[in-house]
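J.: If you scroll down you'll find the structure; I have some questions about it.
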């Protein structure tokens, strides 16, 4: 390859195919697989890929580099209209309000290509509780500009109507449409958000028998690592993560954010008989304010195991600001996705009976289903899960408690 080209082609160790490597201002070094072992063909592909990357970079649409935040701001700039055009200006103001108040706060710097359908429904749940138990619960007014003047509007601490959610979903769709027009995302890849329609079998969870199978296998895998302290510790953390998730209904992010200081009463309760131990948990999600929840009584054992394992591995007890879910170095775990997937596959539980893949979020759904089956009041459950009654009804209405089932199956006489 001649030295006057602004890029180079090379082969990675152990691979017959050629790769392209170059740098662009503010983009850093970029590597692209050319998918061919033929050198001449690789040179042709390299020229094409380089020119495509330069074009995308000049238009700020380099794949993988565009966050939702930047894309939404560019979308607003593209539709901004002079106030003399009343209709277009009103559309711009409406979109700006939804984007700045809700969409940017939730999606933030997430790459546009990383936002899939489950994330959209997670957003709907977050948005539904925004003014009741979410980030806006302590706000009393909204400040905005009207004809150059600051105006304060009082807020209503209530859940939005379905019509409001649909109207705001139009703004979200408009941002994705703009991304497709800009060439950053394929139009066929735009995730769908359906509001107000019944979605059967919406969320994959586990039966109690499946949870038992999963935990039994996890325990077995811990025992197999008896001679490997660090690997055994990692597998114990996964076992406890599952146990705590099933007994609390916490979101994965909330679990990752847990410090020992958030397990209220843990150290004091450790001295009591097992049957008398009770704790509360302060959950931290995307918002800055904690929300306290009541876990099932069976959760204490998992926290006990994590405390003892940490103490044994590091030679000291955890401090209040230490993470509950820590790796072997004592640092906070950012994800258990890979280890959980390996366990689910080994247990043949990766997908449910309908073929839907299970994730760490599925334990939250299991918790909700179990609470409804045992007759927990849906309003109390919504508060404890930091969500809305509407979300509980939407996703778990197909869960029928046994005592209700007996009534439904009984004779009309």
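J.: So in the range 176-207, with the set limited to residues that are under 20 Å from the mean Cα position of the chain (by Cα) and under 22 Å from residue 110 (Cα atoms), which one is modelled with the highest pLDDT?
T.: Checking each candidate, the answer is 176.
J.: Of all residues in the range 329-348 being within 19 Å of the chain's Cα centre (by Cα) and in a loop (DSSP other than H, G, I, E, B), which is surrounded by the most Cβ atoms within 10 Å (Cβ to Cβ)?
T.: Looking at residues that are within 19 Å of the chain's Cα centre (by Cα) and in a loop (DSSP other than H, G, I, E, B), I get 336.
J.: Given the residues 195, 231, which is the only one that is closer than 30 Å to residue 329 by Cα and surrounded by fewer than 22 Cβ atoms within 10 Å (Cβ to Cβ)?
T.: Checking each option against the conditions leaves just 231.
J.: Here is a further query. Can you pull out every residue in the range 136-156 that is more than 29 Å from residue 83 (Cα to Cα) and modelled with pLDDT under 85?
T.: Within the range 136-156, none qualify.
J.: Specify the residue that is surrounded by the fewest Cβ atoms within 10 Å (Cβ to Cβ); the eligible residues are those in the range 281-297 that are at pLDDT 90 or above and under 19 Å from the mean Cα position of the chain (by Cα).
T.: 282
J.: Search the range 306-328 for residues being surrounded by fewer than 16 Cβ atoms within 10 Å (Cβ to Cβ) and in contact with a helix residue (DSSP H, G or I) (Cβ under 9 Å, 6 or more places away or on another chain), and hand back the single one that is nearest to residue 230 (Cα to Cα).
T.: Per the criteria, the residue is 328.
J.: Same structure, new question: Residues to consider are 245, 302, 283; find the one that is over 30 Å from residue 137 (Cα atoms), in contact with a helix residue (DSSP H, G or I) (Cβ under 6 Å, 6 or more places away or on another chain) and in contact (Cβ under 8 Å) with a residue 24 or more places away in the chain.
T.: The match here is 302.
J.: Only one of these is in a strand (DSSP E or B) and not assigned by TED's automatic domain parsing to the domain that holds residue 322: 153, 166, 203. Name it.
T.: Sole residue among the options that is in a strand (DSSP E or B) and not assigned by TED's automatic domain parsing to the domain that holds residue 322: 153.
J.: Quick one: how many residues across the range 104-146 are part of a helix (DSSP H, G or I) and either free of Cβ contacts under 8 Å to residues at least 12 places away in the same chain or under 21 Å from residue 186 (Cα atoms) (or both)? Before the answer, list the steps.
T.: Restricting attention to the range 104-146, the residues satisfying the condition of being part of a helix (DSSP H, G or I) are 104-107, 112-114, 117-128.
Restricting the remaining residues to those that are either free of Cβ contacts under 8 Å to residues at least 12 places away in the same chain or under 21 Å from residue 186 (Cα atoms) (or both) gives 107, 112-114, 117-122.
Residues meeting the conditions: 10.
J.: Still on this structure, please answer the following. Could you tell me whether any residue of the range 51-62 is out of contact with any strand residue (DSSP E or B) (no Cβ under 8 Å at 6 or more places or on another chain), at pLDDT 90 or above and within 30 Å of residue 175 (Cβ to Cβ)?
T.: The answer is no; no qualifying residue exists.
J.: Run residue 65 past the list (1) part of a loop (DSSP other than H, G, I, E, B); (2) closer than 13 Å to residue 179 by Cβ; (3) modelled with pLDDT of 90 or more and report the number of the one that doesn't hold.
T.: (3)
J.: Which of the numbered conditions does residue 133 fail, given that it passes all the others? Conditions: (1) over 29 Å from residue 356 (Cα atoms); (2) modelled with pLDDT under 90; (3) surrounded by fewer than 15 Cβ atoms within 10 Å (Cβ to Cβ).
T.: (3)
The values are calculated or read from the model by the stated rules, or taken from the named source; none is laboratory data. In this text the structure is predicted, and so the values were computed from the model without any measurement. Every residue, glycine among them, receives a Cβ derived from its backbone with ideal geometry; neighbour counts consider all protein chains shown.
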